[in-house]
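Participant: First, the structure itself, so that you have it in front of you.
The values are calculated or read from the model by the stated rules, or taken from the named source; none is laboratory data. From a predicted model like this one, the values you see are computed outputs, not experimental measurements. Positions of Cβ are backbone-derived with ideal geometry, glycine not excepted, and every protein chain shown enters the neighbour counts. Ligands, DNA and RNA are excluded from the accessible area calculation, which covers all protein heavy atoms including side chains. Shrake-Rupley method; radii C 1.70, N 1.55, O 1.52, S 1.80 Å.
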Amino acid sequence: MIKYLAIGLCVIFSTSLKGQHSVARQWNEVLLDAIRHDYARPTVHARNLFHTSIAMYDAWAAFDEKAIPFFIGNSLGAYDCQFEGIDRPTDIKAAREEAMSYAAFRLISHRFRASPGKNSTKKATHQLMTDLGYDMSFKSTNYEKGNPAALGNYIARQLIAFGLNDGSNEKKKYKSKYYEVVNPMLIPDLIGNPDLKNPNRWQPLGLELNIDQSSNRTPSGVTAFLGPEWGNVIPFSLKEDDLRIYKRDGNEYRVYHDPGPPPYIDPVDGGGLTSEYQWNFEMNSIWSSHLDPRDSVLWDISPASTGNAQGLPNTLEEYHDYYKYLEGGDPGRGRALNPRTGNPYDPQIVPRADYTRVLAEFWADGPDSETPPGHWFTILNYVSDHPQLVKKFAGEGELLDDLEWDVKSYFVLSGAMHDAAIAAWGIKGWYDYIRPISALRYMASQGQSTSPDLPHYSPAGLPLVEGYIEQITERKGLGMNPKNIGKIQIRSWRGPDFILRPEKDLAGVGWILAEDWWPYQRPSFVTPPFAGYVSGHSTFSRAAAEVMTLFTGDEFFPGGMAEFYAKKNEFLVFEEGPSVDVTLQWATYRDASDQTSLSRIWGGIHPPADDIPGRIIGEKIGVEAFNYAMSYFGVDK
């Protein structure tokens, strides 16, 4: 009965039959499905999307009089890809489709040959080649004779060779070369965080059963940091001027668009930015109290009341005004009218907790998902299929056919997703910042930081917030256990211990020991296996929103709104719900991006300090990627 997130996403964001799609779209769908059956690796799959899009774009551009190939005939990093050109055939469309298919087929087959879903991916790639009428046994790369299939094979071979030397460490299965973790693991099933050494650095988790975001079971043990040196990977449009190189333990960490350090806590005297650290992480616990549909709080979640947040805060102090600290949400004021229909957006009144829980799960890119960068490809494909979309580059000029639209849009979006991964994970690897579950449990173990006159005071403790974060002082509730007197309790989502049957049980919100706080996630996953700062979701999503806005020439979704339907008591995976039907709606691409970022706070994955810098960096990357791609399309900037 449970509908997995990605499956639901596919239902909404895929509306046409395979035979009605361009060849580029068909290969993109095969790739997205391969990602869903692989390990959940946002960095790796941003790269797979990028390299496959390069393969298809170059195969298309090789037969064009105006466009310039990106890879073949050029140098990328230290890799020089020779290309002498190919004669233009009589049937250019057929030649392009053939070259693109061989290139995509060979590259996807190589990249997913060791995937846990390798059999399903092999079946899908072989089936598509068969449907298209191509001979998979043809392996020649001698394109000089004008053979499009050979050109496709050549492009794939060159990209495979490049990928083995692009800084990703593909040869060693993308493993870290020199990063070292400083904190011992946190075991979420145990109360507290007693072994944390540095409350400003990332902490791995020890899980009895570890199921990643693509539903792959991995052996129990410590979660390893995914991609801490991803800043070493050769980018698309990131500039050397935006690069800073830091050293730790004699090793280099390459950081693009460096936002500077996050707020650190001073456990000794509470100096520096300790109060900002506390404010950021305690907001995760406060927003976690918004996850019970029985609290009777109702919101209008339509574009009439949500979205349209103007500007982003630039300082930590400004974050306090941007977020609605106790109520939840941002300063989005909605829109009076749908600009495409001229009519008001219909209100949609639902329990706040259903909205926040659906957000947390929909944007989490959970079981069987295509990961955050692939998520935005499903949105792009949905937009491309929309009957009201006019396929003009940047909304101007001549109509593009489906193949050109798909090839170019994939190229730009994938370049932005690839750069977002490099920038975000370069920052993650260098700053190595702590996650909410580790920070909240640590501060709770220190006590309260509100007043030295109260028991269990510590400058590194949790600030008390009446009704949300309180000290246990009386023999009632949690105080019935004398050992809890003086400890900190928080009113929050109660966690997986209260859920035996996810399809039936509701954990709800109540007072729990702060030392036992859980994010709104599955107990077999808990938190992504890498540092928090900056948010990858915020970076990916804002970059994608900028690309979609610029490429379509319109900030609004076609028709003035896109939506996703979550059915009552069927959509949620972590627990029962939602209690009513919920339809997520977005007027603009930026509205969808902003909603993504908020979902990670409600989900207990990121504090505001992770979110805002990611959005700012993502915006820069999206614009840079679009402008850079125009030089290959032969479009004047």
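Participant: Being touching a Pro at 6+ places or on another chain (Cβ under 7 Å), open to solvent by 20 Å² or more (accessible area, probe 1.4 Å) and aromatic (Phe, Trp, Tyr) is the filter here, so list the residues in the range 539-573 that pass it.
Facilitator: The answer is Phe556, and nothing else.
Participant: Moving on. Tell me, yes or no, whether the range 19-34 has at least one residue that is part of a helix (DSSP H, G or I), open to solvent by 10 Å² or more (accessible area, probe 1.4 Å) and modelled with pLDDT under 95.
Facilitator: Looking through the range 19-34, at least one residue is part of a helix (DSSP H, G or I), open to solvent by 10 Å² or more (accessible area, probe 1.4 Å) and modelled with pLDDT under 95.
Participant: Just checking, does the range 575-583 include any residue being over 28 Å from Glu282 (Cβ atoms) and not in a strand (DSSP E or B)?
Facilitator: Within the range 575-583, one or more residues are over 28 Å from Glu282 (Cβ atoms) and not in a strand (DSSP E or B).
Participant: Another one. Restricting attention to the range 268-278, does a residue exist that is open to solvent by less than 50 Å² (accessible area, probe 1.4 Å), under 30 Å from Tyr325 (Cβ atoms), hydroxyl-bearing (Ser, Thr, Tyr) and touching a residue at least 12 places away in the same chain (Cβ under 8 Å)?
Facilitator: Yes, the range 268-278 contains a residue that is open to solvent by less than 50 Å² (accessible area, probe 1.4 Å), under 30 Å from Tyr325 (Cβ atoms), hydroxyl-bearing (Ser, Thr, Tyr) and touching a residue at least 12 places away in the same chain (Cβ under 8 Å).
Participant: Return the pair list, or none, for Cβ contacts closer than 6 Å from residues in the range 491-503 that are under 13 Å from Gly577 (Cα atoms) to residues that are of a type in the set (D, E, K, R), at least 6 apart or on different chains.
Facilitator: Ile499/Asp505; Ile499/Glu575; Pro502/Glu575
Participant: Could you tell me which numbered condition Phe83 fails, if it satisfies all but one of (1) farther than 28 Å from Thr371 by Cα; (2) outside any loop (DSSP other than H, G, I, E, B); (3) open to solvent by 10 Å² or more (accessible area, probe 1.4 Å)?
Facilitator: Condition (2) is where Phe83 drops out.
Participant: What residue, of Ala67, Ala40, is closer than 19 Å to Pro372 by Cα, open to solvent by less than 50 Å² (accessible area, probe 1.4 Å), part of a loop (DSSP other than H, G, I, E, B) and in contact (Cβ under 8 Å) with a residue 24 or more places away in the chain?
Facilitator: Result: Ala40 is the single residue among Ala67, Ala40 that is closer than 19 Å to Pro372 by Cα, open to solvent by less than 50 Å² (accessible area, probe 1.4 Å), part of a loop (DSSP other than H, G, I, E, B) and in contact (Cβ under 8 Å) with a residue 24 or more places away in the chain.
Participant: Which ones in the range 180-227 are touching a strand residue (DSSP E or B) at 6+ places or on another chain (Cβ under 8 Å), at pLDDT 90 or above, closer than 22 Å to Thr43 by Cα and part of a loop (DSSP other than H, G, I, E, B)?
Facilitator: Residues satisfying the conditions are Gln203, Pro204.
Participant: Within the range 550-557, identify whether any single residue is part of a helix (DSSP H, G or I) and in contact with a Gly (Cβ under 8 Å, 6 or more places away or on another chain), and answer yes or no.
Facilitator: yes
Participant: Turning to a different aspect of this structure: Of the conditions (1) within 22 Å of Thr274 (Cβ to Cβ); (2) open to solvent by 30 Å² or more (accessible area, probe 1.4 Å); (3) in contact with a strand residue (DSSP E or B) (Cβ under 6 Å, 6 or more places away or on another chain), Arg491 fails just one. Which one is it?
Facilitator: (1)
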